[in-house]
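J.: Take this structure, written in C-alpha coordinates, and hold onto it; I'll ask about it next.
The values are calculated or read from the model by the stated rules, or taken from the named source; none is laboratory data. Keep in mind the model is a prediction, meaning the values are calculated, not measured. No Cβ is skipped: glycine too gets one built from the backbone with ideal geometry, and neighbour counts run over all protein chains shown.
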Ligand SMILES: [Zn+2]
(Lines give C-alpha, C1' and ligand atoms only; values in the text may rest on other atoms or scores of the structure.)
Protein backbone atom coordinates (compact mmCIF):
# COMPACT_ATOMS: atom_id res chain seq x y z
CA UNK A 1 0.00 0.00 0.00
CA UNK A 2 2.74 2.35 1.05
CA UNK A 3 4.68 1.74 -2.17
CA UNK A 4 1.53 2.29 -4.21
CA UNK A 5 0.94 5.59 -2.43
CA UNK A 6 4.53 6.67 -3.14
CA UNK A 7 4.10 5.82 -6.81
CA UNK A 8 0.81 7.72 -6.87
CA UNK A 9 2.36 10.77 -5.21
CA UNK A 10 5.35 10.72 -7.55
CA UNK A 11 3.01 10.18 -10.50
CA UNK A 12 0.83 13.16 -9.59
CA UNK A 13 3.93 15.31 -9.01
CA UNK A 14 5.38 14.34 -12.41
CA UNK A 15 2.04 14.94 -14.14
CA UNK A 16 1.64 18.38 -12.61
CA UNK A 17 5.25 19.20 -13.52
CA UNK A 18 4.68 18.08 -17.11
CA UNK A 19 1.44 20.07 -17.36
CA UNK A 20 3.21 23.15 -15.94
CA UNK A 21 5.98 22.83 -18.54
CA UNK A 22 3.69 21.97 -21.42
CA UNK A 23 1.16 24.74 -20.97
CA UNK A 24 2.34 27.81 -22.86
CA UNK A 25 -0.01 30.79 -22.89
CA UNK A 26 -0.24 32.21 -26.45
CA UNK A 27 0.25 35.94 -26.93
CA UNK A 28 -1.11 38.56 -29.33
CA UNK A 29 1.18 41.62 -29.25
CA UNK A 30 -0.29 44.82 -30.71
CA UNK A 31 2.29 47.54 -31.34
CA UNK A 32 1.40 51.19 -32.01
CA UNK A 33 4.27 53.27 -33.38
CA UNK A 34 4.74 56.60 -31.60
CA UNK A 35 1.99 56.29 -28.95
CA UNK A 36 3.67 58.10 -26.05
CA UNK A 37 2.86 57.30 -22.42
CA UNK A 38 2.01 60.94 -21.76
CA UNK A 39 -0.66 60.97 -24.50
CA UNK A 40 -1.96 57.60 -23.35
CA UNK A 41 -2.58 59.15 -19.92
CA UNK A 42 -4.12 62.32 -21.35
CA UNK A 43 -6.50 60.58 -23.75
CA UNK A 44 -7.52 57.67 -21.54
CA UNK A 45 -11.20 58.67 -21.30
CA UNK A 46 -11.39 58.52 -25.06
CA UNK A 47 -9.71 55.11 -25.32
CA UNK A 48 -12.51 52.76 -24.16
CA UNK A 49 -10.99 49.55 -25.49
CA UNK A 50 -7.52 50.14 -24.10
CA UNK A 51 -9.08 51.19 -20.80
CA UNK A 52 -11.07 47.94 -20.71
CA UNK A 53 -7.91 45.97 -21.48
CA UNK A 54 -6.13 47.79 -18.62
CA UNK A 55 -8.97 46.95 -16.21
CA UNK A 56 -8.81 43.31 -17.26
CA UNK A 57 -5.05 43.15 -16.77
CA UNK A 58 -1.82 44.81 -15.71
CA UNK A 59 -0.46 48.02 -17.17
CA UNK A 60 1.89 50.98 -16.93
CA UNK A 61 2.42 54.21 -18.83
CA UNK A 62 5.89 54.64 -17.36
CA UNK A 63 7.80 51.97 -19.26
CA UNK A 64 10.89 53.40 -20.92
CA UNK A 65 12.18 52.80 -24.40
CA UNK A 66 15.87 52.50 -25.24
CA UNK A 67 17.92 55.28 -26.80
CA UNK A 68 17.84 56.65 -29.39
CA UNK A 69 14.05 57.01 -28.92
CA UNK A 70 13.23 55.99 -32.47
CA UNK A 71 11.50 53.18 -34.31
CA UNK A 72 13.70 50.37 -35.67
CA UNK A 73 15.88 50.50 -32.55
CA UNK A 74 12.95 50.05 -30.22
CA UNK A 75 10.97 47.53 -32.24
CA UNK A 76 14.16 45.48 -32.35
CA UNK A 77 14.44 45.80 -28.56
CA UNK A 78 10.78 44.83 -28.06
CA UNK A 79 11.20 41.76 -30.26
CA UNK A 80 14.60 40.65 -28.98
CA UNK A 81 14.79 41.25 -25.23
CA UNK A 82 17.80 43.54 -25.46
CA UNK A 83 18.96 47.17 -25.60
CA UNK A 84 20.65 49.02 -28.46
CA UNK A 85 24.17 48.14 -27.30
CA UNK A 86 23.51 44.42 -27.81
CA UNK A 87 21.33 44.17 -30.93
CA UNK A 88 23.22 47.03 -32.61
CA UNK A 89 20.35 48.78 -34.49
CA UNK A 90 20.90 52.50 -33.91
CA UNK A 91 18.83 54.62 -36.34
CA UNK A 92 15.07 55.04 -36.86
CA UNK A 93 15.13 53.08 -40.10
CA UNK A 94 18.09 50.69 -39.60
CA UNK A 95 17.79 47.66 -41.85
CA UNK A 96 20.90 46.03 -40.47
CA UNK A 97 22.84 46.71 -37.27
CA UNK A 98 25.36 49.54 -37.41
CA UNK A 99 27.11 48.07 -34.35
CA UNK A 100 27.84 44.35 -34.86
CA UNK A 101 25.20 42.38 -32.95
CA UNK A 102 26.67 40.78 -29.82
CA UNK A 103 25.38 37.44 -31.06
CA UNK A 104 24.02 36.13 -34.31
CA UNK A 105 21.11 33.68 -34.26
CA UNK A 106 20.67 31.01 -36.90
CA UNK A 107 18.10 33.06 -38.88
CA UNK A 108 20.71 35.68 -39.83
CA UNK A 109 19.61 38.11 -37.11
CA UNK A 110 20.30 38.91 -33.49
CA UNK A 111 18.25 36.24 -31.63
CA UNK A 112 14.62 37.35 -31.33
CA UNK A 113 11.32 35.99 -30.07
CA UNK A 114 10.30 34.42 -33.39
CA UNK A 115 13.61 32.53 -33.64
CA UNK A 116 13.52 31.11 -30.14
CA UNK A 117 9.89 30.02 -30.61
CA UNK A 118 10.83 28.20 -33.83
CA UNK A 119 13.88 26.58 -32.18
CA UNK A 120 12.11 25.40 -29.06
CA UNK A 121 8.65 24.72 -30.50
CA UNK A 122 9.18 23.82 -34.17
CA UNK A 123 5.50 23.08 -34.87
CA UNK A 124 4.23 26.37 -33.47
CA UNK A 125 2.23 28.73 -35.70
CA UNK A 126 3.38 32.36 -35.52
CA UNK A 127 2.39 35.44 -37.51
CA UNK A 128 3.61 38.98 -38.07
CA UNK A 129 1.51 41.69 -39.81
CA UNK A 130 2.96 45.17 -40.27
CA UNK A 131 2.17 48.26 -42.31
CA UNK A 132 5.71 49.71 -42.19
CA UNK A 133 8.23 47.84 -44.31
CA UNK A 134 10.97 48.62 -41.75
CA UNK A 135 9.64 45.82 -39.53
CA UNK A 136 10.60 43.25 -42.17
CA UNK A 137 14.29 43.85 -41.40
CA UNK A 138 13.86 43.45 -37.65
CA UNK A 139 12.10 40.09 -37.45
CA UNK A 140 13.59 36.70 -38.24
CA UNK A 141 11.31 36.19 -41.22
CA UNK A 142 12.52 32.65 -41.87
CA UNK A 143 11.33 31.69 -38.40
CA UNK A 144 7.82 33.22 -38.83
CA UNK A 145 5.03 30.97 -40.14
CA UNK A 146 3.14 33.85 -41.81
CA UNK A 147 4.57 37.32 -42.35
CA UNK A 148 2.90 40.10 -44.33
CA UNK A 149 3.59 43.76 -45.07
CA UNK A 150 -0.03 44.98 -45.12
CA UNK A 151 -0.96 47.68 -47.60
CA UNK A 152 -4.17 48.79 -45.92
CA UNK A 153 -5.68 48.73 -42.44
CA UNK A 154 -8.62 46.74 -43.83
CA UNK A 155 -6.32 43.73 -44.20
CA UNK A 156 -5.32 43.58 -40.55
CA UNK A 157 -8.47 42.17 -38.94
CA UNK A 158 -9.19 39.41 -41.53
CA UNK A 159 -5.52 38.33 -41.48
CA UNK A 160 -5.54 38.17 -37.68
CA UNK A 161 -8.89 36.33 -37.63
CA UNK A 162 -7.49 33.71 -40.01
CA UNK A 163 -4.29 33.38 -37.94
CA UNK A 164 -6.31 32.97 -34.73
CA UNK A 165 -7.98 29.88 -36.22
CA UNK A 166 -4.58 28.19 -36.54
CA UNK A 167 -3.98 27.85 -32.78
CA UNK A 168 -1.13 30.39 -32.89
CA UNK A 169 1.49 30.68 -30.19
CA UNK A 170 2.44 34.26 -31.03
CA UNK A 171 1.05 36.99 -33.30
CA UNK A 172 2.57 40.46 -33.69
CA UNK A 173 0.40 43.18 -35.23
CA UNK A 174 2.15 46.49 -35.93
CA UNK A 175 0.19 49.70 -36.57
CA UNK A 176 2.18 52.68 -37.85
CA UNK A 177 -0.29 55.51 -38.42
CA UNK A 178 0.01 57.32 -35.04
CA UNK A 179 3.67 58.04 -35.74
CA UNK A 180 2.76 59.35 -39.21
CA UNK A 181 0.19 61.76 -37.69
CA UNK A 182 2.77 62.93 -35.11
CA UNK A 183 5.41 63.70 -37.73
CA UNK A 184 2.95 65.48 -39.99
CA UNK A 185 0.85 67.42 -37.46
CA UNK A 186 2.70 67.17 -34.14
CA UNK A 187 2.46 65.01 -31.00
CA UNK A 188 -0.68 66.14 -29.16
CA UNK A 189 -2.29 67.71 -32.26
CA UNK A 190 -5.97 66.95 -33.03
CA UNK A 191 -4.84 64.72 -35.90
CA UNK A 192 -2.49 62.82 -33.59
CA UNK A 193 -5.27 62.36 -31.04
CA UNK A 194 -7.62 61.10 -33.78
CA UNK A 195 -4.97 58.51 -34.76
CA UNK A 196 -4.74 57.36 -31.12
CA UNK A 197 -8.54 56.97 -30.99
CA UNK A 198 -8.44 55.02 -34.27
CA UNK A 199 -5.77 52.77 -32.80
CA UNK A 200 -8.05 52.17 -29.80
CA UNK A 201 -10.80 51.11 -32.23
CA UNK A 202 -8.38 48.69 -33.89
CA UNK A 203 -7.47 47.28 -30.47
CA UNK A 204 -11.21 46.79 -29.82
CA UNK A 205 -11.60 44.91 -33.10
CA UNK A 206 -8.59 42.72 -32.32
CA UNK A 207 -9.94 41.99 -28.83
CA UNK A 208 -13.24 41.00 -30.43
CA UNK A 209 -11.43 38.81 -32.96
CA UNK A 210 -9.82 36.89 -30.10
CA UNK A 211 -13.16 36.61 -28.26
CA UNK A 212 -14.79 35.15 -31.37
CA UNK A 213 -11.98 32.69 -32.06
CA UNK A 214 -10.83 29.35 -30.65
CA UNK A 215 -8.26 31.39 -28.66
CA UNK A 216 -10.95 32.95 -26.44
CA UNK A 217 -9.83 32.83 -22.77
CA UNK A 218 -6.58 31.13 -23.83
CA UNK A 219 -4.57 34.07 -25.13
CA UNK A 220 -2.86 37.05 -23.54
CA UNK A 221 -3.35 40.34 -25.39
CA UNK A 222 -0.52 42.86 -25.05
CA UNK A 223 -0.40 46.46 -26.20
CA UNK A 224 2.79 48.52 -26.43
CA UNK A 225 4.45 51.41 -28.24
CA UNK A 226 8.05 51.97 -29.32
CA UNK A 227 8.49 55.62 -28.25
CA UNK A 228 6.54 58.85 -27.73
CA UNK A 229 7.29 62.19 -29.30
CA UNK A 230 7.52 65.94 -28.90
CA UNK A 231 6.58 68.67 -31.38
CA UNK A 232 6.90 66.89 -34.73
CA UNK A 233 9.53 64.34 -33.88
CA UNK A 234 11.33 61.98 -31.53
CA UNK A 235 14.75 60.45 -31.12
CA UNK A 236 15.83 62.70 -28.24
CA UNK A 237 16.16 62.29 -24.50
CA UNK A 238 13.00 63.93 -23.12
CA UNK A 239 10.64 61.72 -21.12
CA UNK A 240 7.85 62.66 -23.55
CA UNK A 241 9.84 60.77 -26.18
CA UNK A 242 11.05 57.95 -23.92
CA UNK A 243 7.94 57.09 -21.90
CA UNK A 244 5.65 54.42 -23.39
CA UNK A 245 2.50 52.52 -22.42
CA UNK A 246 2.35 48.78 -21.86
CA UNK A 247 -0.78 46.71 -21.19
CA UNK A 248 -1.27 42.95 -20.86
CA UNK A 249 -4.42 41.00 -20.07
CA UNK A 250 -5.56 37.39 -20.23
CA UNK A 251 -4.87 34.04 -18.58
CA UNK A 252 -1.99 34.17 -16.09
CA UNK A 253 -2.10 38.00 -15.85
CA UNK A 254 -3.16 39.86 -12.72
CA UNK A 255 -6.33 41.91 -13.04
CA UNK A 256 -6.60 45.69 -12.66
CA UNK A 257 -2.98 46.05 -11.57
CA UNK A 258 -0.90 49.18 -12.02
CA UNK A 259 2.68 48.06 -12.69
CA UNK A 260 4.84 50.28 -10.47
CA UNK A 261 8.08 48.31 -10.93
CA UNK A 262 10.70 49.75 -13.25
CA UNK A 263 10.16 48.28 -16.70
CA UNK A 264 12.00 48.63 -20.00
CA UNK A 265 10.78 47.94 -23.53
CA UNK A 266 12.96 44.80 -23.75
CA UNK A 267 11.22 43.33 -20.68
CA UNK A 268 8.18 42.80 -22.95
CA UNK A 269 10.04 40.07 -24.88
CA UNK A 270 11.09 38.29 -21.69
CA UNK A 271 7.49 38.40 -20.47
CA UNK A 272 6.30 36.90 -23.76
CA UNK A 273 8.98 34.18 -23.53
CA UNK A 274 7.88 33.33 -20.00
CA UNK A 275 4.22 33.09 -21.04
CA UNK A 276 5.16 30.92 -24.03
CA UNK A 277 7.40 28.75 -21.83
CA UNK A 278 10.41 29.28 -24.09
CA UNK A 279 13.83 29.87 -22.57
CA UNK A 280 15.37 33.25 -23.33
CA UNK A 281 18.92 33.32 -24.72
CA UNK A 282 21.74 34.22 -22.32
CA UNK A 283 22.50 37.36 -24.35
CA UNK A 284 19.08 38.92 -23.61
CA UNK A 285 18.94 41.28 -20.66
CA UNK A 286 15.14 41.60 -20.42
CA UNK A 287 13.32 40.45 -17.28
CA UNK A 288 9.74 39.17 -17.15
CA UNK A 289 7.35 41.76 -15.69
CA UNK A 290 6.49 39.56 -12.72
CA UNK A 291 4.46 42.23 -10.93
CA UNK A 292 1.77 41.70 -13.55
CA UNK A 293 1.90 37.89 -13.62
CA UNK A 294 -0.03 35.42 -11.50
CA UNK A 295 2.23 33.52 -9.12
CA UNK A 296 1.93 30.21 -10.95
CA UNK A 297 3.09 31.81 -14.23
ZN1 LIG B 1 8.47 54.59 -34.10
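J.: Say we look at segment 53-71 and pick out the residues that are closer than 21 Å to residue 94 by Cβ and outside any helix (DSSP H, G or I); which of these is nearest to the ligand (Cβ to nearest atom)? Give the steps one after another, and end with the answer.
T.: Of all residues in segment 53-71, those closer than 21 Å to residue 94 by Cβ come to 64-71.
If we keep only those that are outside any helix (DSSP H, G or I) too, we end up with 64-70.
Working: 64: 14, 65: 9, 66: 12, 67: 13, 68: 11, 69: 9, 70: 6 Å.
The residue in question is 70.
J.: Sticking with this one: Could you tell me which of the residues 267, 240, 200 is touching a helix residue (DSSP H, G or I) at 6+ places or on another chain (Cβ under 6 Å), surrounded by 21 or more Cβ atoms within 10 Å (Cβ to Cβ) and at pLDDT 95 or above? Working first, answer last.
T.: On the way: 267 fails: touching a helix residue (DSSP H, G or I) at 6+ places or on another chain (Cβ under 6 Å); 240 fails: surrounded by 21 or more Cβ atoms within 10 Å (Cβ to Cβ).
Being touching a helix residue (DSSP H, G or I) at 6+ places or on another chain (Cβ under 6 Å), surrounded by 21 or more Cβ atoms within 10 Å (Cβ to Cβ) and at pLDDT 95 or above holds for just one of 267, 240, 200, which is 200.
J.: Shifting gears a bit: Among (1) surrounded by fewer than 19 Cβ atoms within 10 Å (Cβ to Cβ); (2) within 17 Å of residue 70 (Cα to Cα), there is one condition residue 261 misses while meeting the rest; what is its number?
T.: It is condition (2) that residue 261 fails.
J.: Looking at residue 208, is it within 21 Å of residue 54 (Cβ to Cβ) and modelled with pLDDT of 95 or more?
T.: Working: within 21 Å of residue 54 (Cβ to Cβ): yes; modelled with pLDDT of 95 or more: yes.
It is true that residue 208 is within 21 Å of residue 54 (Cβ to Cβ) and modelled with pLDDT of 95 or more.
J.: Pairs only if they're at least six apart or on different chains, beta carbon under 6 angstrom, first in segment 93-115 and over 17 Å from residue 145 (Cα atoms), second at pLDDT below 95 and crowded, with 24+ Cβ neighbours inside 10 Å; list them, first residue then second.
T.: That search, which allows pairs on different chains as well, returns nothing.
J.: Hey, can you tell me all the residues within segment 135-166 that are farther than 24 Å from residue 71 by Cα and crowded, with 21+ Cβ neighbours inside 10 Å?
T.: 163, 164
J.: When the residues of segment 167-185 are filtered to those that are more than 21 Å from residue 93 (Cβ to Cβ) and surrounded by 16 or more Cβ atoms within 10 Å (Cβ to Cβ), which remaining residue is farthest from the chain's Cα centre (by Cα)? Lay out the reasoning, then the answer.
T.: Keep residues of segment 167-185 that are more than 21 Å from residue 93 (Cβ to Cβ), which gives 167-171.
Checking which are surrounded by 16 or more Cβ atoms within 10 Å (Cβ to Cβ) leaves us with 168-171.
On the way: 168: 15, 169: 13, 170: 9, 171: 9 Å.
If we take residues in segment 167-185 being more than 21 Å from residue 93 (Cβ to Cβ) and surrounded by 16 or more Cβ atoms within 10 Å (Cβ to Cβ), then 168 is farthest from the chain's Cα centre (by Cα).
J.: Inside segment 72-92, can you point out the residues that are touching a helix residue (DSSP H, G or I) at 6+ places or on another chain (Cβ under 9 Å), more than 16 Å from the ligand (Cβ to nearest atom) and free of Cβ contacts under 8 Å to residues at least 40 places away in the same chain?
T.: Once the filter is applied, which keeps residues that are touching a helix residue (DSSP H, G or I) at 6+ places or on another chain (Cβ under 9 Å), more than 16 Å from the ligand (Cβ to nearest atom) and free of Cβ contacts under 8 Å to residues at least 40 places away in the same chain, segment 72-92 yields only 88.
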